[in-house]
Amino acid sequence: MGEPDFLRHIVSKILTPVSLDIKKLDEAQKLLAKAESKYGFSSYGGDPEKLANYILSPDFINLVLIIGVDLSKKLLYLTRDSYSSPKIKEAVQKMLEELDGYSGEETNQVMMYK
C-alpha cells in the first residue's frame, strides 16, 4: 500500500465534531477540499508529495486560523508519523517550528500586559 490519503485517513481522525464546533468543522472541510483540488495531493489519482507544498502555503495558514494552533499541531504530528516522504516530513517540521514560534510570541505578549 502507498501513502495514506491526507483528507480521508489523517484529517478525518483529527477534525471531528467532538474536537471542533460544527461551523468551524464545515469551514475547515471546505478549505481542505479546495486545497486538495488546487495542490493535487490526493493519494487517489494525485501526488501525495504535493502535500508538502500545501503545508508550507498561505492556504494552510488559513486552516490554522480556523482550527487553532493545538489542533493544527495534532494534524501535523499525525501527518509526520503517517508519511514516509522526507519532503512531507521536512515541511511538517518547518510548519511545527513556525507554529511553536507563533505560540511563543503569543505567550510573550500576554506576559507583557500583566
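Read-outs: derived from the displayed coordinates by stated rules, not from any lab. The structure displayed is predicted, hence computed values, not measured ones. Note: ideal-geometry Cβ built from the backbone for every residue, glycine included; neighbour counts use all protein chains shown.
Values computed for the structure shown
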| item | result |
| --- | --- |
| Cα pair count fraction exceeding 19 Å, expressed as % - region 6-112 | 42 |
| Angle between the chain longest axis and helix 22-39 axis [Cα atoms, degrees, rounded to 10] | 50 |
| Debye, to nearest 20: dipole size of the chain, +1 on Lys, Arg Cβ, -1 on Asp, Glu Cβ | 180 |
| For the chain, the longest site-free run once chymotrypsin sites (Phe, Trp or Tyr not before Pro) in DSSP loop states with at most 13 other Cβ atoms within 10 Å are removed | 45-112 |
| Cα-projected label distance for D21 with S57, points at 7 Å along beta-carbon direction, nm | 2.8 |
| Furthest towards positive pole of dipole, I61, L31, L78, structure part the chain, Cβ charges | L31 |
| Inter-label distance for S37 and D100, nm, one decimal - labels placed 7 Å from Cα along Cα-to-Cβ | 3.6 |
| Percentage relative contact order, region 6-112, counting C-alpha pairs under 8 Å, at least six apart | 28 |
| Principal-axis tilt of helix 86-112 within the chain, Cα atoms, nearest 10 degrees | 20 |
| Hypothetical label at D70: residues of region 1-27 whose amide nitrogen lies under 13 Å (7 Å Cα-Cβ projection) | 19-21 |
